[in-house]
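One structure is given here, and the rest of the page talks about it.
What follows is calculated from the coordinates using simple rules that are stated; it is not laboratory data. Because the structure is a prediction, the values reported are computed rather than measured. Neighbour counts run over all protein chains shown; Cβ positions are idealised from the backbone, glycine included.
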Amino acid sequence: MVWAESAPRVWREKVKKYRLLGGKCPSCGSLVYPHRQVCPYCGHEGLQPVELPRRGRIVSYTAIRHPPSDFVGKEPYVVAIVELDGGARVLAQLTDAKPEEVKEGLEVEAVFRKYREQSPNGIIEYGIKFRPAQ
Amino acid sequence: MAKRVFVIGAGATKVGEHWDKSLRDLAVEALLAAVKDAGVDKREIKALYVGNMMSGELQGQEHLGALVATWAGMAGVAAFKVEAACASGGAALHQAYLAAASGLYDCVAVVGVEKMTDALPNDVTSALLTAEDQEYVVFTGATFVGLNALVYRMYLTKYGVKQEDVARFAVHCHKMAVNNPYAQFRREVTLEEVMSSPLIADPIRLLECAPVGDGAAALVLCNEDFLRRNPRDVLVEVTGSAVATDILSVHERRDPLVMEGFRKAAEVAMKRAGIEAKDVDVLEVHDAFTVLGVLTLEALGYAPPGRGWQLVAEGGLEPGGEIPTNTMGGLKARGHPVGGTGIYQVFDIVKQLRGEAGPNQVEGAEVGLAQNLGGVAGTVAVHVLRRVR
């Protein structure tokens with residue numbers, strides 16, 4: 001079951017998801033991912049698009065052992081909050097690491113990976129995952 | 001000037017796996033029980049608010065206002081569904097409160113309902129995830145258990161707390177539910193059982209999670225104008241009602257351990273009610289996961305940050321304790337039929353304030369506070385109730 005099964009959606013998000021496109025607030029200085037029009041912290045309208053650093057460290061993580069229906073068969077997999085260099089925080093899967101090898105503070109780097117397949121005839125969705133920094 | 005609003009009727013179904021009952025059966029049963037408890041003619045109810053999250057995904061059924069009104073024999077009433085994830089019940093109650101307080105409707109009803117056991121577990125997980133950001137959070141394969149696990153791990157690390165100490169919250173809730181005839185799990189669990197139950201999303205274990213279940217709870221509210229025409233002896237007043245939001249996804253919050261939405265909603269509701277946290281005699285917290293219960297105790301100031309677990313360990317949450325909390329079992333053991341939960345919480349408080357809570361009665365309870373969270377506290381509904389003599 002993929003709730004947001006839609007070709008236009010995947011197309012629309014490709015730059016933000018494939019290139020880690022964030023937004024910088026000229027008013028309060030915050031960095032957010034993904035890029036958007038309005039700063040969630042101060043309400044300023046007009047964030048500037050900025051390609052975010054591809055390295056960072058793990059703030060917190062979990063291993064998903066009971067997944068939603070469209071990730072069944074992939075478990076266990078690690079989902080983490082990654083703080084990128086510069087301060088933007090991203091939620092993403094970890095790859096190339098077993099759950100027991102992950103810890104808070106682990107240095108990671110972004111890689112391009114498959115996330116899910118919408119259906120037998122649907123789109124294969126890709127995005128950024130992180131792996132231990134090499 | 002807002003009119004005073006009172007709860008004059010409360011009804012509920014038992015929470016559980018109701019294989020023989022549909023969503024509408026549950027809603028109608030609870031609603032009619034509340035109407036009967038109120039002792040009013042249901043035709044006097046002028047508006048009906050249905051708190052529900054997932055009927056569209058799990059039953060393929062929306063338009064619950066007209067559906068429930070029809071099956072309860074109340075067609076004609078102003079009615080619609082209110083959705084705010086797991087805070088749907090609390091948000092619906094807020095609407096009902098506003099309607100009665102405004103004076104536009106002098107007698108209204110609210111019913112919170114969820115029917116979860118028709119779907120397979122992974123599909124329930126997916127349906128619950130409609131409360132999160134589909135495009136940038138659900139996309140990652142995170143679950144709600146997983147998102148709370150991220151907060152839980154940060155909590156344990158920041159304060160150097162042992163998981164066993166937080167997990168004890170579940171033991172407390174099960175102990176309370178033994179005496180609640182409406183509870184899904186009327187049996188105790190040991191800390192060893194909790195800590196040896198399967199991992200769902202590290203570090204959260206199965207018995208730290210609220211269960212999947214079916215249920216409905218309902219309230220009849222009226223304002224002071226209605227009360228003058230229909231006087232009664234035992235009264236519970238809604239003295240504070242507030243809803244607040246936080247930045248939706250935890251990873252975007254400045255500090256994921258600070259429940260900013262809860263702080264705001266509690267502050268507004270308590271200010272309207274003219275009380276402070278220390279005045280609360282019975283507390284209902286949204287313990288979808290043990291860590292949320294502990295974080296709430298700290299956010300309300302009953303314990304310093306990182307020390308909420310001590311209240312649990314010392315029996316401070318039991319009737320007669322420092323702050324009696326989830327005295328009928330909370331989400332963990334009374335159960336968490338999502339859209340119903342916010343109403344079940346107030347149902348439980350009404351029982352306490354009326355002195356009808358049975359063996360778990362908090363002696364002389366006058367003031368109750370219910371905290372209902374949607375998502376990882378992205379929406380928070382807080383209600384303050386007071387017994388009026």
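Values for this structure:
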{"item": "Average beta carbon contacts from partner chains per residue of A:77-90, 10 Å cutoff", "result": "3"}
{"item": "Ellipticity estimate at 222 nm from DSSP helix runs (n ≥ 4, -39,500 (n - 2.57)) divided over chain B, nearest 500", "result": "-11000 deg cm²/dmol"}
{"item": "Highest average packing first - B:233-245, B:355-367, Cβ atoms within 10 Å", "result": "B:233-245, B:355-367"}
{"item": "Sequence-separation-based contact order of chain B, relative, with Cα cut under 8 Å and 6+ spacing, percent", "result": "26"}
{"item": "Per-residue mean of C-beta atoms belonging to partner chains within 10 Å, peptide B:252-260", "result": "2"}
{"item": "Built amide H within the under 5 Å cut-off of B:Gly51, gap 5+", "result": "B:Val82, B:Val111, B:Gly112, B:Val113"}
{"item": "Segment A:7-132: Lys pairs at Cα distance under 24 angstrom, eight or more positions apart or on different chains", "result": "21"}
{"item": "Share of pairwise Cα separations in segment B:1-145, more than 23 Å, in percent", "result": "37"}
{"item": "Prolate/oblate/rounded call for segment A:7-132, Cα gyration tensor, a/c under 1.5 rounded", "result": "oblate"}
{"item": "Local electrostatic count at B:Glu224 - Lys and Arg +1, Asp and Glu -1, tallied over other residues with Cβ under 11 Å", "result": "+1"}
{"item": "All lysines inside 19 Å of B:Lys36 as judged from Cα atoms, apart from same-chain residues fewer than 8 positions distant", "result": "B:Lys14, B:Lys46, B:Lys351"}
{"item": "Inverse of mean 1/r across different Cα pairs in segment B:181-326, Kirkwood, Å", "result": "18.1"}
{"item": "Percentage, to the nearest whole number, of Cα pairs in chain B over 36 Å apart", "result": "15"}
{"item": "Relative contact order, percent, segment B:102-197 [alpha-carbon distance under 8 Å, six or more residues apart]", "result": "15"}
{"item": "Full-stretch length increase - B:Gln61, B:Arg228 - with 0.36 nm per residue and alpha-carbon distance subtracted", "result": "56.2 nm"}
{"item": "Vicinal HN-Hα couplings computed from phi for segment A:86-102 (Karplus, 6.51 cos²θ - 1.76 cosθ + 1.60; Hz; Gly/Pro x)", "result": "x, x, 5, 10, 10, 9, 7, 7, 9, 9, 6, 8, 7, x, 6, 8, 8"}
{"item": "Segment B:355-380 versus segment B:96-113: alpha-carbon centroid distance in Å", "result": "20"}
{"item": "Loop-located GluC sites (Glu not before Pro) in segment B:255-286, at most 13 other Cβ atoms within 10 Å (DSSP)", "result": "B:Glu276"}
{"item": "Volume per residue that the Cα convex hull of segment B:319-389 spans, once the total is divided by residue count, Å³", "result": "94"}
{"item": "Selection from A:Ser60, A:Gly23, A:Pro34 lying farthest towards where the dipole of segment A:1-70 points positive, charges on Cβ", "result": "A:Ser60"}
{"item": "Helix axis angle, B:144-159 relative to chain B longest principal axis, alpha carbon, degrees", "result": "60"}
{"item": "Spatially proximal lysines relative to B:Lys175 (Cα-Cα < 16 Å; intrachain offsets below 8 disregarded)", "result": "B:Lys332"}
{"item": "Per-residue average of Cβ from other chains inside 10 Å of A:54-63", "result": "5"}
{"item": "Net charge, B:Ala100 excluded, C-beta distance under 13 Å - Lys, Arg +1, Asp, Glu -1", "result": "-2"}
{"item": "Rounded tilt (10° steps) of B:338-354 against the dominant C-alpha axis of chain B", "result": "70"}
{"item": "Förster radius 56 Å - calculated FRET efficiency between A:Ile124 and B:Glu322 (Cβ-Cβ, nearest 0.05)", "result": "0.55"}
{"item": "Mean separation of Cα contacts under 8 Å, 6 or more apart, over the residue count of segment A:7-132: relative contact order %", "result": "22"}
{"item": "Å³ per residue enclosed by the Cα convex hull of the protein assembly as shown", "result": "148"}
{"item": "Order of A:Arg55, B:Arg228 - criterion: other Cβ atoms within 10 Å of each residue's Cβ, fewest first", "result": "B:Arg228, A:Arg55"}
{"item": "Qualifying lysines (Cα of each under 19 Å from Cα of B:Lys264; at least 8 residues distant if same chain)", "result": "B:Lys278"}
